[in-house]
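**Q** One structure is given below, represented as structure tokens, and several questions about it will come after.
The values are calculated or read from the model by the stated rules, or taken from the named source; none is laboratory data. Note that the structure is a prediction, hence the values are computed from the model and not measured. Positions of Cβ are backbone-derived with ideal geometry, glycine not excepted, and every protein chain shown enters the neighbour counts. These area figures cover heavy atoms from the full protein model, side chains too; ligands, DNA and RNA do not enter into them. Shrake-Rupley method; radii C 1.70, N 1.55, O 1.52, S 1.80 Å.
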Amino acid sequence: MQWLRIIHLIHGVFFIFMLLSGLCLYIVATRTWFNQIGFPLVQFHLLTACFYCGLVLYSLYRIGRYLLKKPPVKKFNFILNLLFFLMWMASGLLMYFQAYLLAEVRNVAVVIHDWTTFLFLPWVLTHTIGHLFNVSLPWPAWWKRRAALPPIIEENMLERRDFLKLFSLAFLFLLIGSWFKWLTPILNVTEAENKRRGYFRIYNVTNDFPRYEDREWSLTIDGLINKKESIGYTDLLHLPSTTIIDDFHCVTGWSVRNVEMKGVLLKDLFDAYGLEAKGKFVTAYSGDEVYFDSFLTTQLIDEEALLVYEMDGEFLKPAQGYPCRLYHPDMYGYKSVKWVDRLEFSGERKKGYWQQSGGYDLNGYL
């Protein structure tokens with residue numbers, strides 16, 4: 001039927017866009033590249049997913065009725081697609097509304113969303129190759145066509161070899177999907193020694209992030225303040241330190257529980273250097289010379305924001321923001337400016353990188 005061919009084609013186009021954009025979001029190098037060129041990849045993925053869901057829901061009833069009289073292979077393909085679609089949709093909704101959910105629920109949703117994608121890839125490749133090159137797998141006649149069922153199938157008396165074939169095929173697809181899943185962390189490694197790799201997802205806006213050698217770093221504090229100050233790495237380490245154990249939350253839905261972070265409270269640094277802010281707002285700049293975010297001065301001074309230099313008992317790795325990153329315990333991770341090298345106090349508030357590029361909330365409270 002003509003309408004079915006059109007629906008199938010549109011479905012394939014939207015699915016490919018959704019799959020590719022999702023994979024690009026998962027892999028650090030591609031996600032960062034899209035950030036660099038200013039393409040709103042997250043919004044594109046969400047918009048494509050909405051159109052895809054609408055298309056599936058619109059055509060579900062008609063396709064279901066059409067397949068009632070079709071051979072088992074057609075019904076199987078439909079049921080498999082529907083199953084994965086429901087898992088994508090449910091986990092995606094949980095990730096989108098993650099601010100209202102427990103961290104455990106959010107993390108499970110992210111894992112399901114990832115695994116659903118990678119486990120479906122072998123079937124996508126098989127289905128696509130079959131259509132493009134007219135390749136037909138050697139399925140039995142009763143599976144491909146409306147033919148009489150063999151007695152062992154009709155009476156549900158499968159032989160051992162039938163079970164072995166079914167198990168082998170399922171295991172092969174699972175193995176290929178798992179291989180895709182475990183290959184991508186290799187593509188995501190920005191520092192091989194990065195602790196907790198596989199839990200934290202490293203988000204940068206530039207692929208060439210700063211790598212400070214021999215602790216050649218300093219934090220400049222200027223703007224509307226009683227005096228300009230420049231604080232070196234050794235100076236920072238000699239200040240009174242504070243250690244907290246906190247849950248790190250990303251606005252995209254994942255969380256890392258019980259992360260130990262050590263650093264210097266902004267209020268302790270101000271007390272030690274006799275600093276007094278005159279501006280109501282402060283902008284924190286990253287050493288990558290691209291990323292920045294802004295705060296109320298009271299949010300950093302009075303709400304126990306930290307200049308973190310250790311994580312889980314070790315100095316930060318370059319990908320984690322070495323030598324120092326800003327951290328507010330009640331805000332999402334995008335407010336945690338890595339490689340922070342300047343705090344500028346002012347009378348007007350600037351919109352940060354993700355407020356300008358992604359429409360993120362200015363305050364970023366959990």
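**Q** Take the Cβ-Cβ distance between Lys350 and Asp208 as r, set R0 to 22 Å, and report the resulting FRET efficiency rounded to the nearest 0.05.
**A** Efficiency at R0 = 22 Å is approximately 0.40.
**Q** Considering Cα pairs under 8 angstrom that are at least six residues apart, work out the relative contact order of segment 270-366 and quote it in whole percent.
**A** Across segment 270-366, relative contact order equals 35 percent.
**Q** Please give, to one decimal in nm, the separation of the simple spin-label points placed at Ile245 and Gln36, each 7 Å out from Cα toward the Cβ.
**A** With each label point 7 Å from Cα toward Cβ, the separation is 4.0 nm.
**Q** Tell me the label-point distance for the pair Lys70, Tyr96, using the 7 Å Cα-to-Cβ offset, in nm and rounded to one decimal.
**A** 2.7 nm
**Q** Take the solvent-accessible surface of the protein heavy atoms, probe 1.4 Å, and return the percent of it on segment 311-366 that carbon and sulfur atoms account for.
**A** That fraction is 46 percent.
**Q** Considering only the other residues whose Cβ falls under 10 Å of the Cβ of Lys335, what net charge follows from Lys and Arg at +1 and Asp and Glu at -1?
**A** Charge balance near Lys335 sits at -3.
**Q** Averaged per residue, what accessible area in Å² does segment 224-291 show with a 1.4 Å probe, protein chains only?
**A** So segment 224-291 comes to 46 Å² accessible per residue, rounded to a whole number.
**Q** Give me the count of lysine pairs in segment 220-323 whose alpha carbons sit under 19 angstrom apart, restricted to pairs 8 or more positions apart or on different chains.
**A** Value for segment 220-323: 9.
**Q** Is segment 221-272 best put as rounded, prolate or oblate by its Cα gyration tensor, with a ≥ b ≥ c the root eigenvalues, rounded for a/c under 1.5, and otherwise prolate when a/b is larger than b/c, oblate when not?
**A** prolate
**Q** Between the alpha-carbon centers of segment 241-288 and segment 20-34, tell me the distance in whole angstrom.
**A** Taking the Cα centre of each part, segment 241-288 and segment 20-34 sit 28 Å apart.
**Q** Compute the distance in nm between two label points, each set 7 Å from the Cα along the Cα-to-Cβ direction, one at Cys50 and one at Ala29.
**A** So the two model labels end up 3.2 nm from each other.
**Q** Under the 0.36 nm per residue contour assumption, what length would be gained going from the current alpha-carbon distance of His127 and Asp222 to full extension?
**A** Length difference between fully extended and current span is 28.2 nm.
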